[in-house]
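For reference, the structure is listed below as structure tokens.
The values are calculated or read from the model by the stated rules, or taken from the named source; none is laboratory data. Here the structure is a predicted model, which is why all the values come from computation and not from measurement. Counting neighbours? That spans all protein chains shown, and the Cβs are built from the backbone with ideal geometry, glycine included.
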Amino acid sequence: MCGIIGYVGSRGGLQVGVEALRRMEYRGYDSAGVAIADGTGNLIIERKAGELANLEAAIAVRGSGEFQGSTVIGHTRWATHGSPSDRNAHPHLDETGKIAVVHNGIIENFAALREELLAAGVELKSETDTEVTAHLVSRAYFSCPETAGNFVESVLSVVRGLVGAFTLVFTHADHPDTVVAARRSTPLVVGVGEGETFIASDVAAFIEHTRNAVELDQDTAVVARTDGFEVLNFDGTPSVARPFVIDWDLEAAEKGGFPYFMLKEIAEQPRAVSDTLRGHFIDGRVVLDEQRLAEQDLREVDKVFVVACGSAYHSGLLAKYAIEHWTRLPVEVELASEFRYRDSVLDSSTLVLAISQSGETADTLEAVRHAKAQKARVLAVCNTNGSQIPREADAVLYTHAGPEIGVASTKAFLAQVTANYLVGLALAQARGTKSPGDIAREFADLEAVPELISRLLESVESVRELAQRYSESSTILFLGRHVGYPVALEGALKLKELAYMHAEGFAAGELKHGPIALVEEDLPIIVMVPSPKTHPILHSKILSNIREVQARGARTIVIASEGDETVAPFADHLIEIPSTSGLLQPLLSTIPLQIFAAEVAQARGYNVDKPRNLAKSVTVE
Ligand code: M6R
């Protein structure tokens, strides 16, 4: 998730660009850059790895006088392809230095396009998927008879051939009055001013200049000029655009209209899951392209260890259920902070899955080092490109949740579960423990999840009401069986860290071995109920567990699949989630728990983005 800006008008391009990037820095801060068309046939470009301040310092060294011109494109990066470095920072240029591009998203067919360009003798200067588009537009503009000299047609001819999700914004030194953008599946909004047009990832970039905005359809291009803009389909025909007036203030705009980043991140979960799946199933096979472990390496694995902390650890517990079920490999899941202090048995046939959103967590990093010292192969599942854990691991599979600002893991957790399941399917494929047909069905079920999450997010009002009702409780318990158990742990962790309320998650069958002594009149207990269709035995067992706590006066909040008609008598409050396969239910059942915790925290007057005593990255052991 990157922030991008394009501007044509009469203001100073440098100032407009840098201010817009400041407003969107929360979208990524691996690097920042601008390119300005100076109106005399040149592009002036500066880009720097790290936060926006580094770009500003580099501009200050050159002197802002060097950056004359009104037309600007700019970018603040959340790295996906290529480490966060000056060389990979956007904008990227073509070989003539006349055309520059910024990009948000992932171009899935970039490897083939890169090969094509290399074979044609083009020198690529970065490791990004983005740079190829600058060269392709350049070839269309300078050498292709059908599009020669036509900037807009050149861009359209290139985006028609791209696979994946992208917003691309191009500027051309010889067309300083025009910026051309194209989008598929990633955000792009147009800001309409008097004699000026803005193109940006979100309205925060231009809200101080105009509140008149335009929303675009999928697969559309925008040609922005000082005197207005045109919206086109990729085939060049006019497209529909929907004007709207922004009624947020600046702070709300940065958070997409949500009061907290965490709530925005909860809403972004359909995209986090779909972006993490994108490009990983090609020609009927699961492909872990970012991985660097050969299929043969996966075939040789005889045991899996999962190491992680906090929510990432809970995602690892879920991985155990899926990997063991699909591959028949033994899986151990261990808190990273405990792993290296005992004599865990690993060798070169052990695959260690190290899961970390930040890629910087000290406990997980030390666990990776410990595993490598014992010759195990380490595969990192990570959300932060170029961070330390993927750098030290043998291989990495990136989650594509985008930057998570709220301290509580939400979209990163769902993306981790998704990526872990991809690892499970890749292992099953390599070992032949699942047929290609079964793997295709499992992947299709995963692909259906984002739509189910969107549906669930539209019907969570009752969770908010429940949160208000139970916000003054002193303790809340969470129960689950099978994959519902890690979800119970995750729900309890969310409530503890955000609402500072005592909460515990238990395996429901374990209750009668001790924790049931905690149950008293009116104690709220949240229970994850598996679908009777996928897990009939577990379903009836957990209903018995509910009966046990109800008999002792507990108030039950039950999370169950739509269509489960047997569950209603067991629920003081029923939260229904869409039906899916048993292993995938956590990708849905976790969401009401995230919302519940956030709402209880707000009702208690706490800042849900910055809970006390916590930090987003824990870089000490
Ligand atoms: O960056 P990591 O995924 O390695 O972080 C691990 C935990 O610190 C993290 O998941 C933490 O538990 C979250 N704040 C929970 O919401």
Selected residue (only one of 200, 173, 181 is in contact (Cβ under 8 Å) with a residue 60 or more places away in the chain and over 17 Å from residue 93 (Cα atoms)): 200
Residues satisfying the stated conditions in the stretch 210-238, i.e. touching a helix residue (DSSP H, G or I) at 6+ places or on another chain (Cβ under 8 Å), in contact (Cβ under 8 Å) with a residue 60 or more places away in the chain and crowded, with 16+ Cβ neighbours inside 10 Å: 221, 223, 232, 234
One residue is enough: does the stretch 190-197 have a residue meeting the conditions within 18 Å of residue 152 (Cα to Cα) and assigned by TED's automatic domain parsing to the domain that holds residue 157? yes
Tabulated pairs, the stretch 486-512, first assigned by TED's automatic domain parsing to the domain that holds residue 311, second within 12 Å of the ligand (Cβ to nearest atom), C-beta under 7 angstrom, 6+ apart or interchain: none
Between 358, 348, 435, which is in the same structural domain as residue 324 (by TED's automatic domain parsing) and under 29 Å from residue 186 (Cβ atoms)? 358
So which residues in the stretch 352-377 are without any contact (Cβ under 8 Å) to a residue 40 or more places away in the chain and either surrounded by fewer than 22 Cβ atoms within 10 Å (Cβ to Cβ) or more than 14 Å from the ligand (Cβ to nearest atom) (or both), if there are any at all? 369, 370, 372, 373, 374, 375
Tell me, yes or no, whether the stretch 55-75 has at least one residue that is without any contact (Cβ under 8 Å) to a residue 60 or more places away in the chain, closer than 30 Å to residue 400 by Cα and in contact with a strand residue (DSSP E or B) (Cβ under 7 Å, 6 or more places away or on another chain). yes
So which residues in the stretch 249-292 are of a type in the set (Gly, Ala, Ser) and either in contact (Cβ under 8 Å) with a residue 24 or more places away in the chain or crowded, with 19+ Cβ neighbours inside 10 Å (or both), if there are any at all? 253, 256, 267, 272, 274, 279, 284
Of all residues in the stretch 560-575, count the ones that are more than 15 Å from residue 533 (Cα to Cα) and at pLDDT 95 or above. 5
Does the stretch 86-107 hold any residues that are surrounded by fewer than 19 Cβ atoms within 10 Å (Cβ to Cβ) and either in contact (Cβ under 8 Å) with a residue 60 or more places away in the chain or on the phi > 0 side of the Ramachandran plot (or both), and which are they? 97
Here is a list: 558, 519. Which entry is away from the ligand (no atom under 16 Å from the Cβ), within 25 Å of residue 268 (Cα to Cα) and touching a residue at least 24 places away in the same chain (Cβ under 8 Å)? 558
Within the stretch 383-441, which residues are touching a residue at least 60 places away in the same chain (Cβ under 8 Å) and among the charged types (D, E, K, R)? 394, 404, 411, 431, 434
Out of the residues in the stretch 391-419 that are charged (D, E, K, R) and assigned to a helix (DSSP H, G or I), which is nearest to the ligand (Cβ to nearest atom)? 411
I'd like to know if the stretch 584-607 contains one or more residues that are aliphatic (A, V, I, L, M), in contact with a Ser or Thr (Cβ under 7 Å, 6 or more places away or on another chain), assigned to a helix (DSSP H, G or I) and within 16 Å of the ligand (Cβ to nearest atom). yes
Within the stretch 147-174, how many residues are buried (at least 21 other Cβ atoms within 10 Å of the Cβ), within 31 Å of the chain's Cα centre (by Cα) and part of a loop (DSSP other than H, G, I, E, B)? 1
The listed residue being more than 22 Å from the chain's Cα centre (by Cα) and under 25 Å from residue 183 (Cα atoms), out of 102, 61, 122, 34: 34
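Identify all residues within the stretch 293-312 that are within 13 Å of the ligand (Cβ to nearest atom) and either hydrophobic (A, V, I, L, M, F, W, C) or in contact with a strand residue (DSSP E or B) (Cβ under 6 Å, 6 or more places away or on another chain) (or both); write none if there are none.
If the condition is that a residue be within 13 Å of the ligand (Cβ to nearest atom) and either hydrophobic (A, V, I, L, M, F, W, C) or in contact with a strand residue (DSSP E or B) (Cβ under 6 Å, 6 or more places away or on another chain) (or both), then 306, 307, 308, 309, 312 are the ones that fit.
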Among the residues of the stretch 598-612, what is the count of those that are in contact with a Gly (Cβ under 7 Å, 6 or more places away or on another chain) and not acidic (Asp, Glu)? 1
Looking at 199, 207, can you tell me which residue is in a loop (DSSP other than H, G, I, E, B) and surrounded by 15 or more Cβ atoms within 10 Å (Cβ to Cβ)? 207
Residue check, residue 546 within 28 Å of residue 406 (Cα to Cα) and either surrounded by 16 or more Cβ atoms within 10 Å (Cβ to Cβ) or within 31 Å of the chain's Cα centre (by Cα) (or both): no
Inside the stretch 229-284, counting only helices (runs of 4 or more DSSP H) that do not spill past its ends, which hold 2 or more residues that are more than 12 Å from the chain's Cα centre (by Cα)? 250-254, 261-267
Return a yes/no flag: does the stretch 313-335 have any residue that is under 29 Å from residue 493 (Cβ atoms), surrounded by fewer than 20 Cβ atoms within 10 Å (Cβ to Cβ) and within 16 Å of the ligand (Cβ to nearest atom). yes
Inspect the stretch 439-458 for any residue being within 20 Å of residue 298 (Cβ to Cβ) and small (Gly, Ala, Ser) and give the result as yes or no. yes
Based on this model, can you work out whether residue 435 counts as within 16 Å of the ligand (Cβ to nearest atom), farther than 14 Å from residue 276 by Cα and at pLDDT 95 or above? no
Note on the stretch 24-42: residues buried (at least 24 other Cβ atoms within 10 Å of the Cβ) and either modelled with pLDDT of 95 or more or not in a loop (DSSP other than H, G, I, E, B) (or both) are 27, 31, 32, 33, 34, 35, 36, 37
Just checking, which of 185, 154, 138, 83 is more than 22 Å from residue 228 (Cβ to Cβ), hydroxyl-bearing (Ser, Thr, Tyr) and at pLDDT 95 or above? 138
